[in-house]
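The values are calculated or read from the model by the stated rules, or taken from the named source; none is laboratory data. Please read all numbers here as calculations on a predicted model, not as lab measurements. Virtual Cβ from ideal backbone geometry, glycine too; neighbours counted across all protein chains shown. Keep in mind that these areas ignore ligands, DNA and RNA; they rest on the heavy atoms of the full protein, side chains included. Shrake-Rupley method; radii C 1.70, N 1.55, O 1.52, S 1.80 Å.
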Amino acid sequence: MKSKAWTEKFMQGVFFIAACASVLAVALICIFLFANGIPAMREIGFVKFITGQVWRPNSEQFGILPMIVGSLYVTAGAIIFGVPIGILSSVFMAMYCPKQIYKPLKAATELLAGIPSVIYGFFGLVVVVPLIRDFGKMLHDAGIVKTAGDGNSILTASLILGMMILPTIIGTTESAMRAVPSHYYEGSLALGATKERSIFRVIIPAAKSGVIAGIVLGIGRAIGETMAVIMIVGNQPRVTTSILQGIRTLTGNIVIEMGYATGLHREALIATGVVLFVFILIINFSVALLKRGADHE
């Protein structure tokens with residue numbers, strides 16, 4: 001009995017240390033970012049830093065509005081492409097998929113999560129960029145758009161990021177749907193609802209928290225992705241309204257210039273990381289509010 005009690009206390013201590021290590025890691029990251037980024041914002045000017053549209057480190061002009069807009073564009077595009085496909089794929093796998101093809105399909109979706117981002121970027125560069133270039137040229141020849149673009153664009157990055165977030169959304173949503181008690185679905189059918197209506201009006205609303213969690217994880221993957229985006233988005237620090245033109249994201253801006261940045265330039269890049277970190281916090285906080293509202297309902 002004494003040995004068992006000692007073992008339980010020991011494991012409790014191990015779990016406590018592991019939890020403290022996680023909290024400490026987050027705290028250290030926050031301290032590093034804010035300690036190095038806030039002074040740069042103060043020196044540049046917070047409003048000038050956030051709303052400035054010119055990024056010229058050689059002239060000490062550090063405006064990150066184009067990168068903020070670029071990150072929002074590609075993340076929104078990834079959501080538009082990835083979320084509907086991910087949820088519909090989850091519905092098929094959870095409710096319609098024959099047993100013979102479920103395992104290969106599940107393995108394929110899990111394999112998507114294991115593919116390195118540089119491979120996604122290379123695929124986009126070789127396959128998707130030429131397709132978008134031809135698509136833009138077709139629209140330009142038809143007089144629909146003014147600039148055809150070279151294929152390295154917001155649309156290309158959105159397509160690739162939408163593909164990259166699929167395994168996260170599919171896995172989380174499918175698990176949430178399978179966790180819904182079967183009598184919800186059976187009761188809906190017994191009341192005369194069709195299978196599709198039962199799924200979209202009963203099962204998915206009951207699995208809402210899991211679905212939202214999957215979407216949030218997908219958004220975090222999209223807004224934080226770097227390598228694949230750098231290869232296909234054009235990396236042009238400008239504000240544009242055309243999805244066929246290139247832009248630069250916050251993460252891309254940091255990675256491209258951090259290798260040679262010094263002084264205020266380096267601190268401005270760290271301050272860019274602070275802005276990105278705050279974006280993630282806002283997203284998580286907003287989703288927590290949505291989930292709290294759903295629970296109260």
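Lysine pair count for the chain with Cα-Cα distance under 26 Å and sequence separation of 8 or more or different chains is 9. Taking the protein heavy atoms of the chain in the context of the full set of protein chains, the accessible area attributed to carbon and sulfur is 68 percent at 1.4 Å. I need the shape label for segment 1-130. Rule: rounded when a/c is under 1.5, else prolate if a/b > b/c, else oblate, with a, b, c from the alpha carbon gyration tensor. Taking the square roots of the gyration eigenvalues as a ≥ b ≥ c, segment 1-130 is oblate.
Hydropathy first: keep DSSP H helices in the chain averaging at least -0.5 on Kyte-Doolittle, then drop any whose Cα extent along the axis falls short of 27 Å, and list what survives.
Long hydrophobic helices here: 2-44, 65-91, 263-296.
Based on protein heavy atoms only, the chain ends up with 55 Å² per residue of surface accessible to a 1.4 Å probe.
Show me 181-192, 129-140 ranked by packing, highest mean number of other Cβ atoms within 10 Å first.
In descending order of packing, they fall as 129-140, 181-192.
The overall shape of the chain, judged from the alpha-carbon gyration tensor, is oblate: a/c is not under 1.5, and a/b is no greater than b/c.
On the basis of the beta-carbon distance and an R0 of 25 Å, Lys146 and Ile80 show a calculated FRET efficiency of 0.65. For segment 40-116, the list of GluC sites (Glu not before Pro) that fall in a loop by DSSP and count at most 14 other C-beta atoms within 10 angstrom reads Glu60.
The local environment of Met163, defined by Cβ-Cβ distances under 15 Å, has a net charge of -1 under the rule Lys, Arg +1 and Asp, Glu -1. Highest mobility in the GNM of the chain, judged by mean-square fluctuation with C-alpha springs under 10 Å and restricted to Ile165, Ile223, Ile243, is found for Ile243.
Highest mean first, the peptides 156-162, 168-174 sorted by other C-beta atoms within 10 Å per residue fall in the order 156-162, 168-174.
Dividing the helix sum by the residues of the chain, where each DSSP H run of 4 or more adds -39500 (n - 2.57), gives a mean residue ellipticity at 222 nm of -24000 deg cm²/dmol.
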